[in-house]
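See structure below.
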């Protein structure tokens, strides 16, 4: 049996609907009458899961207030995508607002008096391929940029990564690399023709040379 929260009631329903628990009613593009779907300035979220450290030092492990986990136990093939968590924002109107829009908002907040440790970020992408596992042909990454369709009109520019300036203060750099040889090298690599990476600076197109020894 599946469970649906509807208004102020809990409604048992059939598992054939494709979920175990739902809040609100999913529609592809239309507004529906379920009151739990409605957000406004007084109700800015549907679910709050709030945890804390109980005012005491935490022991050495990883903590999270919520986990979405998908386990693969069988050999998969074909064009399928699998995710632990999906953040989905869908737009079906002309949006000219100037605020931030994204499927996922990763936010780290430090207040006055706090000390921010190294290895701190708004979003952390992590990938493990330990000894005994195999990386298939091609490339993998802890962070990947992609799109299903960018065939719309490009009055502006669609880019893989977009940097925006801080509202107060300033970033010190666009990227940070460790000193080891995993990401940087003191000499040109061999094996290909030099290429140029396209970037935009204040809307103007530039290129960054990616060179290799001849």
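The values are calculated or read from the model by the stated rules, or taken from the named source; none is laboratory data. Predicted, not measured: the structure shown is a model, and the values here were computed from it. Quick reminder, even Gly has a Cβ in these numbers, built from the backbone with ideal geometry, and neighbours come from all protein chains shown.
Return the residues of the range 11-23 that are at pLDDT 80 or above and surrounded by 11 or more Cβ atoms within 10 Å (Cβ to Cβ); say none if nothing qualifies.
Listed by number, the residues that qualify are 11, 19, 22, 23.
Restricting attention to the range 181-214, which residues are within 24 Å of residue 165 (Cα to Cα) and either part of a loop (DSSP other than H, G, I, E, B) or in contact with a helix residue (DSSP H, G or I) (Cβ under 7 Å, 6 or more places away or on another chain) (or both)?
202, 203
Can you list residue pairs whose Cβ atoms sit under 6 Å apart, with the first residue in the range 10-30 being assigned to a loop (DSSP other than H, G, I, E, B) and the second being exposed (fewer than 10 other Cβ atoms within 10 Å of the Cβ) and modelled with pLDDT of 85 or more? Count only pairs 6 or more apart in sequence or on different chains.
That search, which allows pairs on different chains as well, returns 29/92.
Checking the conditions here, which among 135, 127 is part of a loop (DSSP other than H, G, I, E, B), over 24 Å from residue 89 (Cβ atoms) and within 16 Å of the chain's Cα centre (by Cα)?
From the options 135, 127, the qualifying one is 127.
From the list 28, 59, 97, which residue is surrounded by fewer than 10 Cβ atoms within 10 Å (Cβ to Cβ) and within 30 Å of residue 165 (Cβ to Cβ)?
Being surrounded by fewer than 10 Cβ atoms within 10 Å (Cβ to Cβ) and within 30 Å of residue 165 (Cβ to Cβ) holds for just one of 28, 59, 97, which is 97.
Limited to the range 31-49, what total is found for residues that are touching a strand residue (DSSP E or B) at 6+ places or on another chain (Cβ under 7 Å) and in a loop (DSSP other than H, G, I, E, B)?
Summing the residues that are touching a strand residue (DSSP E or B) at 6+ places or on another chain (Cβ under 7 Å) and in a loop (DSSP other than H, G, I, E, B) in the range 31-49 gives 3.
Against the conditions (1) surrounded by 10 or more Cβ atoms within 10 Å (Cβ to Cβ); (2) free of Cβ contacts under 8 Å to residues at least 12 places away in the same chain; (3) not in a strand (DSSP E or B), where does residue 143 fall short? Just the number, please.
Residue 143 satisfies every listed condition except (2).
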